1. Show the residue pairs that are 6+ apart or on different chains and have beta-carbon atoms under 6 Å apart, the first residue being within the range 48-77 and closer than 15 Å to Val94 by Cβ, the second being at pLDDT below 80 and buried (at least 17 other Cβ atoms within 10 Å of the Cβ).
2. How many residues does the range 146-183 contain that are of a type in the set (Phe, Trp, Tyr) and closer than 14 Å to Arg109 by Cα?
3. Please go through the range 70-109 and give me each residue that is surrounded by fewer than 23 Cβ atoms within 10 Å (Cβ to Cβ), within 19 Å of Ser146 (Cα to Cα) and among the β-branched types (Val, Ile, Thr), ordered by number.
4. So Arg122 fits all but one of (1) of a type in the set (Lys, Arg); (2) over 14 Å from the mean Cα position of the chain (by Cα); (3) crowded, with 20+ Cβ neighbours inside 10 Å; what number is the exception?
5. Please go through the range 110-119 and pick out each residue that is farther than 20 Å from Tyr180 by Cα and surrounded by fewer than 20 Cβ atoms within 10 Å (Cβ to Cβ).
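The values are calculated or read from the model by the stated rules, or taken from the named source; none is laboratory data. Everything numeric in this text was worked out from a predicted model, so none of it was measured. Here the Cβ is made from the backbone with ideal geometry for all residues, glycine too, and neighbour counts use every protein chain on show.
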Amino acid sequence: MRINKTIVVFIMSTAILSACSSTEEKDQSLLDSDIFTEETDTYQNEMDLSGEQIGLESGSESDPRFSDPTNPLSKKTIYFMYNSSQVQQEFIPVIAAHSQYFLDNPSERIILEGHADERGSREYNIALGEQRAKSILRMIKVQGVSNNQVEIVSYGEEKPASNGMGEVAWQLNRRVEIVYLGR
């Protein structure tokens, strides 16, 4: 019963948040816009978030769900579109799984590390990485995860996942990494 209530709360919360969100593409005027306010990106909820998909059983430090590639908990990187902090539909189950894990394990702590590709100024990329981390933080908080379990940091373009040039490398660099402290 708790599983169904959690899923319903998540879907209802994201539906409410999407009603007051902005879906327009962010451009180079991002730093001058209201993206750094508490606006909420659009989160669509058309996916079936079954308990099996999001791994709702609680676990321990050696939890096998973190190494099972079929479990969303094994995915700790959320990727973003160019110049955007909007969470893509495909990553909602991953965020939901981590949120449920935090609810089941209140002593767990994470850092959401925001990143950007090399295009744009250093300051712009730091701000964009921070906004990406905040987008995920808002989704996690909607689930009831405590503020003291989550920290955010932005590295902008300073810690690329790929040092290459071109769209393939840039796609890998536009991300938020979920880093468990103590894991």
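1. Partner pairs satisfying both residue conditions: Leu49/Ile7; Arg65/Gly55; Asn71/Gly55; Pro72/Ile54; Leu73/Gly55.
2. So the first thing to find is which residues in the range 146-183 are of a type in the set (Phe, Trp, Tyr), and the list is 155, 170, 180.
From what is left, the residues that are closer than 14 Å to Arg109 by Cα are 180.
The total comes to 1.
3. Residue satisfying the conditions is Val94 alone.
4. (3)
5. Of the range 110-119, the ones farther than 20 Å from Tyr180 by Cα are 116-119.
Within the range 110-119, Glu118, Arg119 qualify.
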